[in-house]
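The structure appears below as structure tokens.
The values are calculated or read from the model by the stated rules, or taken from the named source; none is laboratory data. Keep in mind the model is a prediction, meaning the values are calculated, not measured. Cβ: placed from backbone, ideal geometry, glycine included. Neighbour counts: every protein chain shown. Side chains are part of the model used for accessible areas, which takes the heavy atoms of the whole protein and leaves out ligands, DNA and RNA. Shrake-Rupley method; radii C 1.70, N 1.55, O 1.52, S 1.80 Å.
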Amino acid sequence: MQVTGSTGTAGRGVEMTRLGGRWRVTRPWPARLRPFVHSYAGYWEAAGAVPYRVRLVPTGRAVLVISLGEPFAQVRRLGESGPESQVTGSLVAGLEDGPRMCDHPGGQEAIRLELTPLGAYRLFAVPMRELTNRVVGLCDVFGAEGGMLAEQLAATSNWGARFDLLDIALAARIERGPRPAPEVCHAWRLLSHAGGAIPVSRIAAEVGWSQGYLIRKFTEQVGLTPKMSARVLRFHRAVRLLSRGGANLTEVTAACGFYAAGVGRTVVGTAADLGPVGVVRVHGRDAVRADEGTPAPVYGGHRR
């Protein structure tokens, strides 16, 4: 059941929505951030939350999570293990080309932002290829500034004031961050508008670069190669179409550039580590808890 309302600690323009055992807090973000931020929300889970596991799929966006409560217990790529998979507290996640698994102790409270790839390049101020398929601590990217920001936000109980602080911090970092090349911006627009169904050679011709130079600069500033970015975009288009009632897998995969149903099934299933039916479950507006199929507000979810 969804319940919408506000409380005395919400602040002006803030909307609080209860979905089951958790609350989601939103406010429209400023116009100056809209070219860079795809989604922006705070959330917390009610007391007594239990541990859960969530499977996350590639989104074509980078993610920033500022933890205000219990940290993530573990975030890892499927099939991988080791000390580098352990992330606690606030985090930054680059673009990914495969699924991840998140084990969380429950009781999460955080603010989560999804960033456009080029918005992340400006905000994080590092080559995005260094973050590809990686989840790192916030301070590894923001330095001491990240820790201070997380402490300020956690110490502020009013959600409107929290969002004000965050807006100021984001705008300042973006303003002094590196500017992506206009050619890379144009290449990303071409890919996005085509849903990934455009040859890299045509993009290179459009921006006036060689394919090799385009791939190098695009990967540096976006995080994925143009070809892999196209695959992720086509995957999401396929998911949207498959989530509609009566969708035909053969027609959908062909429409998304997977020219044989078997190939499309393999690509869609591999990208999410799920079959097409499972992909439909994950798409929605939230990630899905793998144990019980209920929404979970984790770093790679789809809630907007």
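All told, residue 28 falls short of being within 28 Å of residue 173 (Cβ to Cβ), in a loop (DSSP other than H, G, I, E, B), open to solvent by less than 30 Å² (accessible area, probe 1.4 Å) and of a type outside the set (Lys, Arg). Quick one: is residue 205 modelled with pLDDT of 95 or more and assigned to a helix (DSSP H, G or I)? Here the answer is yes, as residue 205 does meet what is asked. Restricting attention to region 163-207, the residues that are more than 30 Å from residue 235 (Cα to Cα) and either β-branched (Val, Ile, Thr) or more than 21 Å from the chain's Cα centre (by Cα) (or both) total 6.
The C-beta contact set for region 205-220 (first residue free of Cβ contacts under 8 Å to residues at least 12 places away in the same chain, second residue among the β-branched types (Val, Ile, Thr) and crowded, with 17+ Cβ neighbours inside 10 Å, distance under 8 angstrom, 6+ apart or interchain) comprises 211/200. In region 69-77, the count of residues that are at pLDDT below 75, outside any loop (DSSP other than H, G, I, E, B) and not basic (Lys, Arg) is one or more. With the requirement that a residue be of a type outside the set (A, V, I, L, M), open to solvent by less than 40 Å² (accessible area, probe 1.4 Å) and modelled with pLDDT under 95, what does region 176-202 give you? The answer is 195, 196.
Residues of region 208-247 that are in a loop (DSSP other than H, G, I, E, B), modelled with pLDDT of 90 or more and under 21 Å from the mean Cα position of the chain (by Cα): 223, 224, 225. For residue 207, the test of being of a type in the set (A, V, I, L, M), farther than 18 Å from residue 60 by Cα and crowded, with 18+ Cβ neighbours inside 10 Å is passed.
Residues in region 115-142 that are in a helix (DSSP H, G or I) and in contact with a Pro (Cβ under 8 Å, 6 or more places away or on another chain) were compared, and the one that is farthest from residue 172 (Cα to Cα) is 128.
Yes/no per residue for (1) within 20 Å of the chain's Cα centre (by Cα); (2) of a type in the set (Lys, Arg); (3) modelled with pLDDT under 75:
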residue	(1), (2), (3)
6	no, no, yes
25	yes, no, no
44	yes, no, no
54	yes, no, no
82	no, no, yes
87	yes, no, yes
98	yes, no, no
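Within region 180-195, identify whether any single residue is over 25 Å from residue 29 (Cβ atoms), without any contact (Cβ under 8 Å) to a residue 40 or more places away in the chain and small (Gly, Ala, Ser), and answer yes or no. Checking region 180-195: at least one residue is over 25 Å from residue 29 (Cβ atoms), without any contact (Cβ under 8 Å) to a residue 40 or more places away in the chain and small (Gly, Ala, Ser).
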